[in-house]
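*Asks:* The structure's right below; bear with me while I get my questions together.
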Amino acid sequence: MIDLRQIRSDYPTVAASLARRGIALDGLERVRELDEAHRAVETERNGIRSEIKELSRTVGGLRRDGRMDEAETVAARSRQLGDAERALDASEDELKAAIRELLLVVPNLPADDAPDGASEADNVVLRHEGWDPDSYVDHQRVPHWDVGEALGILDVERAVKMSGSMFTMFRGAGATLARALCQLALDANADAFEEIRPPSMVLTDTMISTGHLPKFSDDAYHAERDDLWSIPTAEVPLTSLARDEILAEDDLPMRLMAHTACFRREAGSAGRDTRGLLRVHEFDKVEILAYCTPEQAADVHADLLARAERLLAQLGLAYRVLDLCAGDIGQSSRRTFDLEVYSPGVDQWLECSSVSWFGDYQARRAHIRYRRNEGGSPVMVHTLNGSALAVPRVWAAVVETHRQPDGTVAIPEVLHPYMRGATVIGPRR
RNA sequence: GGAGGGAUGGCAGAGUGGACGAUUGCGACGGUCUUGAAAACCGUUGAGGGGCAACCCUCCGGGGGUUCGAAUCCCCCUCCCUCCGCCA
């Protein structure tokens, strides 16, 4: 959530900033009106409540003194006020709920230095790494689904049999490779991040905290009977880990990482990228996440990006870094860098990490604060996160990039310790 | 899933209708004393909302109810503990 007080005190800035996303601002206007009405009702209601409390104290005093008739007179007066109080109370509840409902779907203010733009097409490519378009040879120009099938390490057909389209299954060395990628990502970040193994299903409030609900319910799997959501990313449970807590400044930045399965309905993309691993309903991912102070946020953001990049470089993959424009960053984010890995077999740039700074938007939803060393009231933390490594697309890029003339796949050296000594993936027999 | 017991401030733990936003202890912070520290003593110490301010309001797991007045009484829910059942 953005700060209601900022809407009150600095409406022009908020409106101008949100306008950069290219969204309609009538919801914001409405919030402003409701807020004004809400405060008026609240003030009036509080005055009546105060009076009732005063009268009740008087009743108590009179009764103790045995002045029962007088007590009853005062009680009767208080009874009358009670009716008025209940009416104002109901209206206050309604206004408060209406404001929250609207505020929950108002996106975050893009950072001033996020580039202008309306869509994906306006994202800024900051740089390419390990990228030489002329270096690829014919044996690398085979899509991973063909490579995977030939080597017996990817079995899409049987996954579809058991779970339907857009599910996948790794086999043999392919499954080991998928696991190796996760272990590498965890080990590479263990120097600074606490490893967490969170639940894969969460309550509605947990999904609201990150911004995945209420707006994007179509994108997530929901177990109706128990009202639980399958997590679309470890960001969801990791952000709620500190929900409703007050952290100490000395504990910040607090860095967490988790390897989880991620579940996405991909509701808007039926029929797109249906082959292979480009878009699947369930995939494994290692997420890295931090809570920090506003002052630390820029450094933490750069560090998360550097860590995600380092893994791709170590795997010998080409990638590019995108600075997402104001019109394309996610609802909760203020600034996002995307990492896209180049997959030569399908000749596509595949998004494999979004490294985002959320400011205090998620912290306000999740109520995560910290106390400054110099004391004073608790203030909202900043949250940031990104994928260290998302398995399917990186798996695809590895298999295509490192395919050798004889059709086998050379395993990148950093993965050797996790591959039971194997250095090459040959046909399964 | 069934039966019983619980949920109070950073923690421990009082409080069964009115002077309780809450006794007390521990912890933390400030001070006195001390060369310094400890001990002792004195004081401060929850969160949120509204208001320029004085100040007002809310919060005792969550929601509803009774009452002039609820931490306290009633109803529902959630979570924790004990026992039984089931189970990797």
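The values are calculated or read from the model by the stated rules, or taken from the named source; none is laboratory data. What you see is a predicted model; the values in this text were computed from it and never measured. Backbone-built Cβ (ideal geometry, glycine too); neighbour counts: all protein chains shown. For the accessible areas, the whole protein counts, side chains as well, though only heavy atoms, and no ligand, DNA or RNA atoms are used. Shrake-Rupley method; radii C 1.70, N 1.55, O 1.52, S 1.80 Å.
*Asks:* Scan region A:313-331 for residues that are crowded, with 23+ Cβ neighbours inside 10 Å and either hydroxyl-bearing (Ser, Thr, Tyr) or under 20 Å from A:Ala185 (Cβ atoms) (or both) and jot them down.
*Replies:* A:Leu315, A:Leu317, A:Tyr319
*Asks:* Considering only region A:145-161, state which residues are surrounded by fewer than 21 Cβ atoms within 10 Å (Cβ to Cβ), part of a loop (DSSP other than H, G, I, E, B) and within 33 Å of the chain's Cα centre (by Cα).
*Replies:* The answer is A:Asp155, and nothing else.
*Asks:* Follow-up. Looking only at region A:174-200, count how many residues are surrounded by fewer than 16 Cβ atoms within 10 Å (Cβ to Cβ) and either under 15 Å from the mean Cα position of the chain (by Cα) or hydrophobic (A, V, I, L, M, F, W, C) (or both).
*Replies:* Of the residues in region A:174-200, 3 are surrounded by fewer than 16 Cβ atoms within 10 Å (Cβ to Cβ) and either under 15 Å from the mean Cα position of the chain (by Cα) or hydrophobic (A, V, I, L, M, F, W, C) (or both).
*Asks:* Then there's this: Just name the residue that is farthest from A:Pro427 (Cα to Cα) out of those in region A:383-415 that are of a type in the set (Ser, Thr, Tyr) and within 29 Å of the chain's Cα centre (by Cα).
*Replies:* Ranking the candidates gives A:Thr383 first.
*Asks:* Can I ask one more? Would you check if A:Ala98 is away from RNA strand B (no atom under 11 Å from the Cβ), assigned to a helix (DSSP H, G or I), on the phi < 0 side of the Ramachandran plot and without any contact (Cβ under 8 Å) to a residue 60 or more places away in the chain?
*Replies:* No.
*Asks:* While we're here: Which one of these is of a type outside the set (A, V, I, L, M) and at pLDDT 95 or above: A:His212, A:His222, A:His259? Reasoning before the result, please.
*Replies:* Working: A:His212 fails: at pLDDT 95 or above; A:His222 fails: at pLDDT 95 or above.
The unique qualifying residue is A:His259.
*Asks:* Please go through (1) in a helix (DSSP H, G or I); (2) more than 8 Å from RNA strand B (Cβ to nearest atom); (3) not small (Gly, Ala, Ser) for A:Thr58 and return the number of the only condition it doesn't satisfy.
*Replies:* Against the list (1) in a helix (DSSP H, G or I); (2) more than 8 Å from RNA strand B (Cβ to nearest atom); (3) not small (Gly, Ala, Ser), A:Thr58 comes up short only on (2).
*Asks:* Yes or no: A:Ala234 surrounded by fewer than 22 Cβ atoms within 10 Å (Cβ to Cβ), within 13 Å of the chain's Cα centre (by Cα), in contact (Cβ under 8 Å) with a residue 40 or more places away in the chain and closer than 24 Å to A:Ser269 by Cβ?
*Replies:* For A:Ala234, the condition - surrounded by fewer than 22 Cβ atoms within 10 Å (Cβ to Cβ), within 13 Å of the chain's Cα centre (by Cα), in contact (Cβ under 8 Å) with a residue 40 or more places away in the chain and closer than 24 Å to A:Ser269 by Cβ - is not met.
*Asks:* Looking at A:Leu109, is it open to solvent by less than 60 Å² (accessible area, probe 1.4 Å), on the phi < 0 side of the Ramachandran plot and not in a loop (DSSP other than H, G, I, E, B)?
*Replies:* For A:Leu109, the condition - open to solvent by less than 60 Å² (accessible area, probe 1.4 Å), on the phi < 0 side of the Ramachandran plot and not in a loop (DSSP other than H, G, I, E, B) - is not met.
*Asks:* Identify all residues within region A:378-427 that are exposed (fewer than 15 other Cβ atoms within 10 Å of the Cβ) and in a helix (DSSP H, G or I); write none if there are none.
*Replies:* Passing the criteria: A:Glu413, A:His416, A:Pro417.
*Asks:* Just a yes or no: is a residue in region A:356-370 under 17 Å from A:Asp113 (Cα atoms) and among the hydroxyl-bearing types (Ser, Thr, Tyr)?
*Replies:* yes
*Asks:* Could I ask something else about it? Take A:Asp250 and decide whether it is more than 30 Å from A:Gln348 (Cα to Cα), in contact (Cβ under 8 Å) with a residue 40 or more places away in the chain and in a helix (DSSP H, G or I).
*Replies:* When the stated conditions are applied, A:Asp250 passes them.
*Asks:* Taking region A:201-228, which residues are surrounded by 14 or more Cβ atoms within 10 Å (Cβ to Cβ) and touching a Lys or Arg at 6+ places or on another chain (Cβ under 8 Å)?
*Replies:* Within region A:201-228, A:Thr206, A:Ile208, A:Ser209, A:Thr210, A:Gly211, A:Asp219, A:Ala220, A:Tyr221 qualify.
*Asks:* Take region A:363-377 and flag every residue that is among the charged types (D, E, K, R) and part of a loop (DSSP other than H, G, I, E, B).
*Replies:* A:Arg372, A:Glu374, listed by residue number.
*Asks:* So, of the residues in region A:77-94 that are over 26 Å from A:Leu34 (Cα atoms) and more than 7 Å from RNA strand B (Cβ to nearest atom), which turns out to be surrounded by the most Cβ atoms within 10 Å (Cβ to Cβ)?
*Replies:* Step by step, filter region A:77-94, then rank; the result is A:Arg77.
*Asks:* Look through A:Val142, A:Val125 and report the one residue that is surrounded by 12 or more Cβ atoms within 10 Å (Cβ to Cβ), more than 31 Å from the chain's Cα centre (by Cα), modelled with pLDDT of 95 or more and not in a helix (DSSP H, G or I).
*Replies:* None of the other options fit; the residue is A:Val142.
*Asks:* Of A:Val31, A:Val14, A:Val74, which residue is within 12 Å of RNA strand B (Cβ to nearest atom) and either crowded, with 17+ Cβ neighbours inside 10 Å or among the β-branched types (Val, Ile, Thr) (or both)?
*Replies:* Residue meeting the stated conditions: A:Val74.
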